[in-house]
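To start, the structure under review is shown below, and the notes come after it.
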Amino acid sequence: MDQSFKAVVVDKNEEVNYGIQDVTIDDLSEGEVLIKVAYSSVNYKDMLAVQDKSGIIRNYPMIPGIDLSGTVVESSDNRFKEGEEVLVTGFDTGVNHTGGFAEYARIPAEWIVPLPGNLTLKDAMVFGTAGFTAALSVAALENNGMNKDNNPAILVTGSTGGVGSIALQILSKSGYANISALVRKDHQKEVALSLGATDVVFANELGDMDKPLKKQAYDFVLDTVGGDVASTLIPQVAYDGSMSMCGNAGGVKLTSTVLPFILRGVNLLGIDSVNVPIEDRSEIWEKIAGPWNIAESTLINEITLDEVPKTIDALKNGQHLGRTIVKYEDS
């Protein structure tokens, strides 16, 4: 195909700038599979990617968008056929390889997951990278002893953001009945409760980092923000409990002593959603499509590609709730 199509393009002269442009297939990075994009989603990392000096994008110009779902148009790899529905999250998509904020994407075959049978293309991006990360976090905690039959006390941080909002819903649907949501603002309280939280904790109620050990308040913590919030919570994790960590919106530094780990046996579980081996992705996506499928109840905003810059600004300014998906024409 040689016709032009629309994409968000990030470029850098003296400073980073971005906007909607007309591009062609020749502007896309190399890959064996050409996909007509049906949906993408707006993630925190997408917002970072268009900021000056973020370090997310190193080669300009670039089409951002770290995830997408769509239909195969052309494929030189026999694993994928024309007309097949697929999804892509992570790897270098939208960072060093042109991504999902375009009407077409050309992707290496080894990054692509066939769309699970119980998901629509829209559902796939209702979850997207945020949902995949939330599912990885829940799976890691369950692999380290979290079980609804024990009625554990669970805390989810960043609970009204992309990852946290889906994590709350997965936990609630899975039968956990003691789920606290950490929020910062009053208007987030009702949102968190509607997503499945059974209690709400405000960030200013956590205390400070003055003691290496505190009252054992939570059996498991699903942390999405990092920084001081995570540092404050580590001393509050109960004996043999675990904290998963997947984000850095609250900062990249972690302050702790060894005491929670050597006196309480606390486990700190790092969650990477970018480079998960392709053979492990299908298992998580099958859980998302099956017992953890909360796509119908998820708080979403649906926008067009032209509205992506406005949504990125809202995310940057802390005015964004839940998930925003980008719908392309004819989807």
### Query
In region 172-201, what count of residues is obtained for those that are in contact with a helix residue (DSSP H, G or I) (Cβ under 7 Å, 6 or more places away or on another chain), polar (S, T, N, Q) and not in a loop (DSSP other than H, G, I, E, B)?
0
### Message
So residue 137 passes all but one of these: (1) closer than 24 Å to residue 324 by Cα; (2) assigned to a loop (DSSP other than H, G, I, E, B). Which condition number does it fail?
### Response
(2)
### Query
Which of (1) of a type in the set (Lys, Arg); (2) modelled with pLDDT of 95 or more; (3) out of contact with any strand residue (DSSP E or B) (no Cβ under 9 Å at 6 or more places or on another chain) does residue 264 not meet, given it meets every other one?
(3)
### Task
Residues that are within 23 Å of residue 152 (Cα to Cα), without any contact (Cβ under 8 Å) to a residue 60 or more places away in the chain and not polar (S, T, N, Q): find the strands (runs of 3 or more DSSP E) completely inside region 202-283 holding 3 or more of those.
237-245
### Query
Tally time: how many residues in region 146-165 are buried (at least 24 other Cβ atoms within 10 Å of the Cβ), at pLDDT 95 or above and touching a Phe, Trp or Tyr at 6+ places or on another chain (Cβ under 8 Å)?
2
### Message
Just to be sure I understand, how many residues within region 175-185 are loosely packed, with under 15 Cβ neighbours inside 10 Å and under 24 Å from residue 267 (Cα atoms)?
### Response
2
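Among the listed residues 303, 262, which satisfies the condition of being in the same structural domain as residue 323 (by TED's automatic domain parsing) and not charged (D, E, K, R)?
303
Quick check on region 8-27. Is at least one of its residues among the small types (Gly, Ala, Ser), buried (at least 17 other Cβ atoms within 10 Å of the Cβ) and either touching a residue at least 12 places away in the same chain (Cβ under 8 Å) or not assigned by TED's automatic domain parsing to the domain that holds residue 309 (or both)?
No, because not a single residue in region 8-27 is among the small types (Gly, Ala, Ser), buried (at least 17 other Cβ atoms within 10 Å of the Cβ) and either touching a residue at least 12 places away in the same chain (Cβ under 8 Å) or not assigned by TED's automatic domain parsing to the domain that holds residue 309 (or both).
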### Message
For region 186-197, check the following and say yes or no: at least one residue is buried (at least 17 other Cβ atoms within 10 Å of the Cβ), in contact (Cβ under 8 Å) with a residue 40 or more places away in the chain and more than 18 Å from residue 44 (Cβ to Cβ).
### Response
yes
### Query
Hey, among 310, 287, 316, which residue is modelled with pLDDT of 90 or more and either under 26 Å from residue 79 (Cα atoms) or in contact with a helix residue (DSSP H, G or I) (Cβ under 8 Å, 6 or more places away or on another chain) (or both)?
287
### Query
Just one of the numbered conditions (1) in contact with a His (Cβ under 6 Å, 6 or more places away or on another chain); (2) on the phi > 0 side of the Ramachandran plot is not true of residue 314; which one?
(2)
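Of the residues 219, 186, 223, which single one is within 18 Å of the chain's Cα centre (by Cα), of a type in the set (Asp, Glu) and assigned by TED's automatic domain parsing to the domain that holds residue 133?
223
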### Message
Filter region 114-134 down to the residues that are touching a Phe, Trp or Tyr at 6+ places or on another chain (Cβ under 6 Å) and surrounded by fewer than 24 Cβ atoms within 10 Å (Cβ to Cβ) and list them by number.
### Response
116, 121, 122
### Query
Of the residues in region 299-320, how many are surrounded by 18 or more Cβ atoms within 10 Å (Cβ to Cβ) and part of a loop (DSSP other than H, G, I, E, B)?
1
### Query
Which of the residues belonging to region 73-96 are in a loop (DSSP other than H, G, I, E, B) and of a type outside the set (S, T, N, Q)?
77, 79, 80, 81, 82, 83, 84, 90, 91, 92, 94, 95
### Query
Residue check, residue 56 against (1) at pLDDT below 95; (2) in a strand (DSSP E or B); (3) of a type in the set (Val, Ile, Thr), all met but one. Which one?
(2)
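The values are calculated or read from the model by the stated rules, or taken from the named source; none is laboratory data. Everything numeric in this text was worked out from a predicted model, so none of it was measured. Cβ coordinates were reconstructed from backbone atoms using ideal geometry, including for glycine residues, and neighbour counts include every protein chain displayed.
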